[in-house]
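Here is the structure we will look at, set down as structure tokens.
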Amino acid sequence: MLVPGTYPSFVRALRQGEIEGVIGIMRKDMCPHDLVETPLLEERFTIVARADHPVHATARTIKDLADVRWLVPPHGSPVRAFIERVFVEHEITPHLQTCEIQQFTAVEQMIANSNAVGIQSYSQRGLKMLRPDLRPLDISLPVDPAMIGLTTWQGMQDEPIFEEFRTVVKKLAAELG
């Protein structure tokens, strides 16, 4: 079963044994010490805007996006940490609107229906399958992979069905990667 929620709620649920695992962008150094992250596949952070957004014709560097409105995920998320690091490195302070939406497709819908740009992580396959009303911006970003992984609680004893799930997920990730 897929369960929507926030990272803190997932961590609580893992520790309480309510869920067995979380699939998403790995937290790496920000991962709580009692959780185990297993890498599955690598994606890249990509800036996207609606396909007909004027920014596609004008923006060539990250500095060109300083005056554009951004939809960004909440503080503490790997995507937010990445883009804030990029802003600091380029000494820009863009207009940020925190996007508290947890579903990837809902964030894409907000970007498609607004004048804002956003940042998401995509695999090469994901970019090829990008919705037609969105387009990636041709902006060079630091190569800092967004590792997608399976996070589990180290105190959990796997049920046989979860072991099977883990095997299937790893196989699927290898095929997609």
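The values are calculated or read from the model by the stated rules, or taken from the named source; none is laboratory data. Note that the coordinates shown come from a computational prediction; the quantities given were computed from them, not determined experimentally. In this analysis, Cβ positions are derived from the backbone assuming ideal geometry, glycine residues included, and neighbour counts consider all displayed protein chains. For the accessible areas, the whole protein counts, side chains as well, though only heavy atoms, and no ligand, DNA or RNA atoms are used. Shrake-Rupley method; radii C 1.70, N 1.55, O 1.52, S 1.80 Å.
Given their separation in residues at 0.36 nm each and the Cα-Cα distance between them, Arg125 and Leu176 gain 17.6 nm when the chain is fully extended. FRET efficiency for the pair Ser9 and Ala66, taken as 1/(1 + (r/R0)^6) with r the Cβ-Cβ distance and R0 = 30 Å, rounds to 0.30. Based on protein heavy atoms only, the chain ends up with 59 Å² per residue of surface accessible to a 1.4 Å probe. Its Cα centre serving as origin, the chain has a Cβ charge dipole (Lys and Arg +1, Asp and Glu -1) of approximately 360 debye. The simple Förster model, with R0 at 35 Å and r as the Cβ-Cβ distance, assigns Met110 and Gln157 a FRET efficiency of 0.30.
In this simple spin-label model, placing a label point 7 Å from the Cα along the Cα-to-Cβ direction at both Thr93 and Glu18 gives a separation of 3.9 nm.
A prolate overall shape is assigned to the stretch 1-61, the ratio a/c of its alpha-carbon gyration tensor axes (a ≥ b ≥ c) being 1.5 or greater and a/b exceeding b/c. Helical runs (DSSP H, four residues minimum) scored at -39500 (n - 2.57) apiece and divided by the length of the chain put the mean residue ellipticity at 222 nm at -9000 deg cm²/dmol. Summarising the amide proton neighbourhood of Arg44: residues at separation of 5 or more, or on other chains, whose placed amide H is nearer than 5 Å comprise Tyr122, Ser123, Ala146. What part of the accessible area of the stretch 112-162, given as a whole %, is carbon or sulfur when the probe is 1.4 angstrom? Whole-percent figure for carbon plus sulfur exposure: 51.
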